[in-house]
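> One structure, as structure tokens, below. Some questions next.
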Amino acid sequence: MSALKVLVFAGSAREASLNKQLAKLAAKRIEALGGEATFIDLKDYPCPLFDEDIEAQGMPENVLKLREILADHQAVMIASPEYNGFITPLLKNTLDWLSRPYQDTPGLGLFAGKWAALVAASPGGLGGIRALPLGQQLLANLGLVVLPQPLSLAKAGSAFNDSGALHDETTGQKLDALCQRLVDSLAATR
């Protein structure tokens, strides 16, 4: 039986990103719940701003690396910061590049049949909740099956303990429930 592989990343390049911290925790929880999680840091794969003139010169090397990684996974778990009520430019640009046709893969081919779950963390009181529906819409437009009820983590600056777990047990249970739904969805559809 093949592994239930989930690619996990945050739409933030900042070293001390709360969303990276939440994504890393989600990856650990996916592993504990029977999935195989791969955490990547988009900072390690810098891509130019999407531009068809650049694309015409050849797909950038880091885009090719990200395509290869995504192709090897059946789902994504994305931690999306909120910038002025929207997803981050980094996340949008990454998804734009990955949605491009390349060789024998049609434009949205990398996303076809994959599952997605979203989480967001913010130091403010809304926890990134304004960006989550936009992220869900974008992922659905790309052809992913997006799980409902994403997790929004408010006051995230004080939400984690020294070991990276969440202080609040109820929020931890919500994260586990989302991760479990993702793993279960993968298991049921493979």
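The values are calculated or read from the model by the stated rules, or taken from the named source; none is laboratory data. Here the structure is a predicted model, which is why all the values come from computation and not from measurement. Here the Cβ is made from the backbone with ideal geometry for all residues, glycine too, and neighbour counts use every protein chain on show. Side chains are part of the model used for accessible areas, which takes the heavy atoms of the whole protein and leaves out ligands, DNA and RNA. Shrake-Rupley method; radii C 1.70, N 1.55, O 1.52, S 1.80 Å.
> Quick one: of Lys92/Lys155; Lys20/Lys43; Lys24/Lys174; Lys43/Lys92; Lys28/Lys155, which pairs are farther than 19 Å apart, Cα to Cα? Kindly include the intermediate steps, with their values, before the conclusion.
Values: Lys92/Lys155 24 Å; Lys20/Lys43 11 Å; Lys24/Lys174 16 Å; Lys43/Lys92 14 Å; Lys28/Lys155 21 Å.
Long pairs (Cα-Cα over 19 Å): Lys92/Lys155; Lys28/Lys155.
> Right, here's the next one. Taking θ = phi - 60°, what integer Hz values does the Karplus form 6.51 cos²θ - 1.76 cosθ + 1.60 yield along region 80-92, in sequence order, with x for Gly and Pro?
10, x, 10, 10, 6, x, 10, 5, 6, x, 4, 5, 4
> Excluding Ala23 itself, calculate the net charge of residues whose Cβ lies under 14 Å from the Cβ of Ala23, where each Lys or Arg counts +1 and each Asp or Glu counts -1.
Numbers: positive: Arg14, Lys20, Lys24, Lys28, Arg29, Lys43; negative: Glu15, Glu31, Asp41, Asp44.
My count for the surroundings of Ala23 gives +2.
> Related question: If you split all Cα-Cα distances of region 105-190 into 5 Å bins from zero, what percentages do you get per bin, shortest first?
3, 14, 20, 20, 18, 12, 8, 4, 1
> Against the 2.2 N^0.38 Å scaling, with N counting residues, where does region 141-190 land? I'd like the Cα-based Rg ratio to two decimal places. Walk me through the intermediate numbers first.
Numbers: Rg = 13.6 Å, N = 50, 2.2 N^0.38 = 9.7 Å.
It is 1.40.
> Using Cα pairs closer than 8 Å and at least 6 residues apart in sequence, work out the relative contact order for the chain, in percent.
Values: 351 pairs, mean separation 44.9, N = 190.
Across the chain, relative contact order equals 24 percent.
> Along region 50-55, what does the Karplus equation 6.51 cos²θ - 1.76 cosθ + 1.60 (θ = phi - 60°) give for ³J(HN,Hα), rounded to whole Hz, x for Gly and Pro?
My calculation for region 50-55 gives 4, 7, 5, 5, 5, 4 Hz in order.
> If you don't mind, another one. Tally up the carbon and sulfur contribution to the accessible surface of region 63-190 as a whole percent, 1.4 Å probe, everything protein left in place. Working shown, then result.
Details: 3240 of 6010 Å².
So the carbon and sulfur contribution to the accessible surface is 54 percent.
> Relative contact order for region 39-120: what is it in percent, counting Cα pairs under 8 Å that are at least 6 residues apart?
Details: 68 pairs, mean separation 27.8, N = 82.
For region 39-120, the relative contact order is 34 percent.
> Calculate the all-directions average of the projected area of region 10-155's alpha-carbon convex hull, and give it in nm².
Details: hull surface 34.0 nm².
Average of the hull's projected areas for region 10-155 equals 8.5 nm².
> Okay, next question. Where only protein heavy atoms count, and the probe is 1.4 Å, what is the accessible area per residue for the chain in Å²? List each step's numbers first, then the result.
Values: 9230 Å² over 190 residues.
That works out to 49 Å² for each residue.
> Further question on the same structure: With just the Cα atoms of region 1-70, tell me how far they stretch along each of the three principal axes, in Å, largest first.
Computed over region 1-70, the largest-to-smallest principal extents equal 43, 35, 14 Å.
> Convex hull over the alpha-carbon atoms of region 68-133: what's its volume per residue in Å³? Intermediate results must be reported in sequence, preceding the final value.
Values: hull volume 5.9 nm³, N = 66.
Convex hull of Cα atoms, per residue: 90 Å³.
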